[in-house]
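Chemist: This is the structure, below, for whatever I ask next.
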Amino acid sequence: MRMRKTCALVACGALVAALGLFGCSSGGGESQPAAGDGSADGAATEEPAASQPAGEDIVPVEGTVESPAQMGEWLPATIYSVEDDADHIIYYRFTSVETDAAAVQEAIDAYNNSDSIFYISELDADDADDMMYITVGYEMYIPEDTVLSEYGASVPNLYFSLYGTDGGSIEANGYTYIGLHGEDITVDGPDSVFPGDAITGTYLFSAPQNVSEMLIQGDYTDPETEESIETNTLLKL
């Protein structure tokens, strides 16, 4: 849950809605009683999969619900360039998953102590019974032939949510979890990117406990067809 550092005493419900990690009815994660409990194995940190290094020979996977990307596999996204007033294809991949509470809290503390105007609060007592914070490492690559100005471009904001492996809700803990939005908590990242840059970062999610597999879902608009395309990465805990 995220709040502005200048508003540390805002009511808990408003904090939930601000980030949309859990229980937000305005497009964030909703929780509703479900017919039964979901079941899953215990969570563990996932090691990154071997894949292509960042470079001009990247061949992205499609990342559909039926055939999601695996950890370490590249997926397309876009970056806007003021140089030609157009979007250009870039690539990203998720590289690691951290579920250890102490390690995750260390990442949250680093973000909270940074110059960000937002603050990640602890999970509410009720939420903490069946939810947990996890972090996912990612890498983003800007191809060498990307048309950008001499000043580069702002780092693209990539938005991701957690869904079930069928692309729908997550059934677990007696609840139905819908669209659990994440938050980029990268600290000391660059302000601008340039052609050929490869940067890394950290995404924070509030995930249901007792679930072993989910999809990290994003989307982008194809610059040529203007079609909205959904991308999915399989997240194993």
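Chemist: Restricting to region 76-121, give me the number of residues that are among the small types (Gly, Ala, Ser) and more than 19 Å from THR186 (Cβ to Cβ).
Modeler: Let us first name the residues in region 76-121 that are among the small types (Gly, Ala, Ser), namely 77, 81, 86, 96, 101-103, 107, 110, 114, 116, 121.
Narrowing the set further to residues that are more than 19 Å from THR186 (Cβ to Cβ) leaves 81, 86, 101-102.
Of the residues in that region, 4 qualify.
Chemist: Might you check whether a residue that is at pLDDT below 95 and of a type in the set (D, E, K, R) occurs anywhere in region 100-118?
Modeler: So far as region 100-118 goes, yes, one or more of its residues are at pLDDT below 95 and of a type in the set (D, E, K, R).
Chemist: Now for a different question. Kindly indicate whether any position in region 57-78 is of a type in the set (A, V, I, L, M, F, W, C), in contact with a Gly (Cβ under 7 Å, 6 or more places away or on another chain) and either at pLDDT below 50 or assigned to a helix (DSSP H, G or I) (or both).
Modeler: The answer is no; no qualifying residue exists.
Chemist: For region 134-157, name all the residues that are within 19 Å of TYR111 (Cα to Cα) and over 12 Å from the mean Cα position of the chain (by Cα). Working first, answer last.
Modeler: Narrowing region 134-157 to residues within 19 Å of TYR111 (Cα to Cα): 134-139, 155-157.
Correct list: VAL155, PRO156.
Chemist: Select from region 75-126 the residues that are hydroxyl-bearing (Ser, Thr, Tyr) and in contact with a His (Cβ under 7 Å, 6 or more places away or on another chain) and write down the one among them that is farthest from GLU139 (Cα to Cα). Don't jump to the end; show me each part of the working.
Modeler: Residues of region 75-126 that are hydroxyl-bearing (Ser, Thr, Tyr), as a first pass: 78, 80-81, 91-92, 95-96, 99, 111, 114, 116, 119, 121.
Pick out the ones that are also in contact with a His (Cβ under 7 Å, 6 or more places away or on another chain) and you get 78, 81.
Working: THR78: 14, SER81: 20 Å.
Within region 75-126, the match that is farthest from GLU139 (Cα to Cα) is SER81.
Chemist: Follow-up. What is the residue count in region 87-124 for residues that are assigned to a loop (DSSP other than H, G, I, E, B), charged (D, E, K, R) and surrounded by fewer than 16 Cβ atoms within 10 Å (Cβ to Cβ)?
Modeler: Going residue by residue through region 87-124, those that are assigned to a loop (DSSP other than H, G, I, E, B) are 99-100, 113-117, 121-124.
Now narrow it down to the ones that are charged (D, E, K, R): 100, 115, 122, 124.
Narrowing the set further to residues that are surrounded by fewer than 16 Cβ atoms within 10 Å (Cβ to Cβ) leaves 100, 115, 122.
Residues meeting the conditions: 3.
Chemist: I'd like to verify a number: residues in region 80-113 that are within 17 Å of the chain's Cα centre (by Cα) and of a type in the set (A, V, I, L, M), how many?
Modeler: Looking only at that region, the number is 5.
Chemist: Right, here's the next one. What residue, of ASP57, ASP84, is in contact (Cβ under 8 Å) with a residue 60 or more places away in the chain and over 19 Å from ASP219 (Cβ atoms)?
Modeler: Selected residue: ASP84, the only one of ASP57, ASP84 that is in contact (Cβ under 8 Å) with a residue 60 or more places away in the chain and over 19 Å from ASP219 (Cβ atoms).
Chemist: Pick out the one residue from GLU230, GLU213 that is within 30 Å of LEU148 (Cα to Cα), of a type in the set (D, E, K, R) and at pLDDT 95 or above.
Modeler: Details: GLU213 fails: within 30 Å of LEU148 (Cα to Cα).
None of the other options fit; the residue is GLU230.
Chemist: In this structure, is PRO223 more than 26 Å from ASN112 (Cβ to Cβ) and over 14 Å from the mean Cα position of the chain (by Cα)? Steps first, answer last, please.
Modeler: Values: more than 26 Å from ASN112 (Cβ to Cβ): yes; over 14 Å from the mean Cα position of the chain (by Cα): yes.
Yes; evaluated as a whole, the condition is true for this residue.
The values are calculated or read from the model by the stated rules, or taken from the named source; none is laboratory data. Worth saying up front: this structure is predicted, and the values here are computed from it rather than measured. Glycine also receives a Cβ, built like all others from the backbone with ideal geometry; neighbour counts cover every protein chain displayed.
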